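The values are calculated or read from the model by the stated rules, or taken from the named source; none is laboratory data. Remember, predicted model here, so these are calculated numbers, not experimental data. Ideal geometry is used to build each Cβ from the backbone, glycine not excepted, and the neighbour counts take in all protein chains shown. To get the accessible areas, we keep the full protein, side chains included, count just its heavy atoms, and leave off ligands, DNA and RNA. Shrake-Rupley method; radii C 1.70, N 1.55, O 1.52, S 1.80 Å.
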Amino acid sequence: MLITLGIIGVVAALTIPNLVANYKKQQVVTKLKYVYSVMSQAMVTAQSEGGDFQEWDLGLSYDVNNVKRIVHEYILPYIQYIDEGIQNNRYYIQLKNGIVIGFKLDGA
């Protein structure tokens, strides 16, 4: 009986870390799909109401205040969020489920 319990313990010790790693990986994949869906819907709606994004007034500055202006003007009207802020020269929003999305212009 002790040998059987020992074997079960060894098998459990070998398989549980893989199960936990796979679960965490699946959580990340699910959150990424959610963010992609939210941002895609926001961009499609913003472009249908405000024209093609290549014609938006993005300004000439790469600073975080310009990023905040762009996001507020073109994207946030179509996203439900609970918090926003600036950290490490990035503008971010926090969605209802706790996911944080950071924004920064290319070239900055």
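One table, with the values for the structure above:
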{"quantity": "Residue that is surrounded by 10 or more Cβ atoms within 10 Å (Cβ to Cβ) and out of contact with any strand residue (DSSP E or B) (no Cβ under 7 Å at 6 or more places or on another chain), where the choices are K104, K31", "calculated": "K31"}
{"quantity": "Residues (more than 18 Å from L105 (Cα to Cα) and open to solvent by 50 Å² or more (accessible area, probe 1.4 Å)) located in region 62-93", "calculated": "P77, Y78, Q80, Y81, I82, D83"}
{"quantity": "Where G59 falls short, out of the listed (1) open to solvent by less than 70 Å² (accessible area, probe 1.4 Å); (2) under 29 Å from Q27 (Cα atoms)", "calculated": "(2)"}
{"quantity": "Lone unmet requirement of (1) within 20 Å of I93 (Cα to Cα); (2) over 15 Å from the mean Cα position of the chain (by Cα); (3) in a helix (DSSP H, G or I); (4) not small (G, A, S) for M43", "calculated": "(2)"}
{"quantity": "Criterion: under 26 Å from I99 (Cβ atoms) and in contact with a Leu (Cβ under 9 Å, 6 or more places away or on another chain) - qualifying residue of V35, V44", "calculated": "V35"}
